[in-house]
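J.: My questions all concern the structure below.
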Amino acid sequence: MSKDLNHDADCLFCKIINGEIPSNKVYEDDLCYAFRDIDPQAPTHILVVPRTHVASCAEITGDNAALVGHIFTVIARIAAREKLADGWRVVSNVGADAGQTVPHLHFHILGGKRLSDRMG
Ligand code: AMP
Ligand code: ZN
């Protein structure tokens, strides 16, 4: 799996990953970084992002699929650590219709309450 980092100097999450902007870190490794959302929508609301700049799920290809697979193993471990035994949700918004506000691939982990039945 490639660890070559693609960095976007204007990207909020690239700045969080490199420490230019502070964050409430939950987990990190060579490939990804996880931190608490600044505007939590549930008691547990964590964002998991690749260290390398990928714009969204629309840019997932064979070349970075292993990275995304790794991130999902991290998501499962974080959910276990947060003791979300009654369930949780993982969400990734793509583009304007989904309300994506930060164009750096991120997966929201939401849990700790009964989540909305509505998905869209
Ligand atoms: P999305 O709307 O799916 O692109 O998600 C972006 C998320 O980033 C939102 O839930 C914001 O609350 C969160 N966010 C924005 N700025 C920060 C920040 N500085 N630290 C942590 N989370 C942030
Ligand atoms: Zn970025």
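J.: It is to be established whether one or more residues within segment 34-47 are of a type in the set (V, I, T), touching a Gly at 6+ places or on another chain (Cβ under 8 Å) and closer than 23 Å to A98 by Cβ. Break it down into steps so the answer makes sense when it comes.
T.: Looking only at segment 34-47, we keep the residues that are of a type in the set (V, I, T), and these are 38, 44, 46.
Okay, now just the ones that are also touching a Gly at 6+ places or on another chain (Cβ under 8 Å), so 44.
Subsequent filtering for residues that are closer than 23 Å to A98 by Cβ retains 44.
Yes, the conditions are met somewhere in segment 34-47.
J.: Conditions: (1) assigned to a strand (DSSP E or B); (2) surrounded by fewer than 14 Cβ atoms within 10 Å (Cβ to Cβ). A58 meets all but one. Number of the miss?
T.: Only one criterion is unmet by A58, namely (1).
J.: Could you tell me whether any residue of segment 84-97 is assigned to a helix (DSSP H, G or I) and either closer than 19 Å to P40 by Cβ or not aliphatic (A, V, I, L, M) (or both)? I'd like the intermediate steps shown before the answer.
T.: We begin by selecting, within segment 84-97, every residue assigned to a helix (DSSP H, G or I); these are 95-97.
Then keep just the ones that are either closer than 19 Å to P40 by Cβ or not aliphatic (A, V, I, L, M) (or both); that gives 95, 97.
Checked segment 84-97: at least one residue is assigned to a helix (DSSP H, G or I) and either closer than 19 Å to P40 by Cβ or not aliphatic (A, V, I, L, M) (or both).
J.: Quick check on this structure: which one of A55, A79 is free of Cβ contacts under 8 Å to residues at least 60 places away in the same chain and closer than 16 Å to H104 by Cβ?
T.: On the way: A79 fails: closer than 16 Å to H104 by Cβ.
After ruling out the rest, the residue left standing is A55.
J.: While we're on this one: Just one of (1) within 16 Å of ligand 2 (Cβ to nearest atom); (2) free of Cβ contacts under 8 Å to residues at least 24 places away in the same chain; (3) out of contact with any helix residue (DSSP H, G or I) (no Cβ under 7 Å at 6 or more places or on another chain) trips up Y33, so point out which.
T.: Going through the list (1) within 16 Å of ligand 2 (Cβ to nearest atom); (2) free of Cβ contacts under 8 Å to residues at least 24 places away in the same chain; (3) out of contact with any helix residue (DSSP H, G or I) (no Cβ under 7 Å at 6 or more places or on another chain), Y33 breaks only (3).
J.: Within segment 93-115, how many residues turn out to be within 14 Å of ligand 2 (Cβ to nearest atom) and either loosely packed, with under 12 Cβ neighbours inside 10 Å or at pLDDT below 95 (or both)?
T.: Qualifying residue count for the region: 1.
J.: What single numbered condition from (1) in contact (Cβ under 8 Å) with a residue 12 or more places away in the chain; (2) open to solvent by 40 Å² or more (accessible area, probe 1.4 Å); (3) part of a loop (DSSP other than H, G, I, E, B) fails to hold for R118?
T.: Of the numbered conditions (1) in contact (Cβ under 8 Å) with a residue 12 or more places away in the chain; (2) open to solvent by 40 Å² or more (accessible area, probe 1.4 Å); (3) part of a loop (DSSP other than H, G, I, E, B), the odd one out for R118 is (1).
J.: While we're on this one: Suppose we keep only residues that are part of a strand (DSSP E or B) and among the charged types (D, E, K, R) within segment 9-55. Which one would you say is most open to solvent (accessible area, probe 1.4 Å)?
T.: Here is the first cut: in segment 9-55, the ones part of a strand (DSSP E or B) are 25-28, 32-36, 44-50.
Right, trim to among the charged types (D, E, K, R) and you get 25, 28, 36.
Working: K25: 105, E28: 82, R36: 84 Å².
Per the stated criteria, the residue is K25.
J.: Continuing with this model, one more query. Considering every residue within segment 73-88, establish whether at least one is away from ligand 2 (no atom under 16 Å from the Cβ), closer than 21 Å to R118 by Cβ and under 15 Å from the mean Cα position of the chain (by Cα). Before you say what the answer is, go through the steps one by one.
T.: Within segment 73-88, the first condition is being away from ligand 2 (no atom under 16 Å from the Cβ), and the residues that meet it are 73-88.
Among the residues that remain, those that are also closer than 21 Å to R118 by Cβ are: 84, 86-88.
Okay, now just the ones that are also under 15 Å from the mean Cα position of the chain (by Cα), so 88.
Yes, some residue in segment 73-88 is away from ligand 2 (no atom under 16 Å from the Cβ), closer than 21 Å to R118 by Cβ and under 15 Å from the mean Cα position of the chain (by Cα).
The values are calculated or read from the model by the stated rules, or taken from the named source; none is laboratory data. Computed from a prediction, not measured in an experiment: that's the story for all the values here. As a convention, Cβ positions derive from the backbone with ideal geometry for all residues, glycine included, and neighbour counts pool all protein chains shown. We work out accessible area using only protein heavy atoms, side chains counted, and drop any ligands, DNA or RNA first. Shrake-Rupley method; radii C 1.70, N 1.55, O 1.52, S 1.80 Å.
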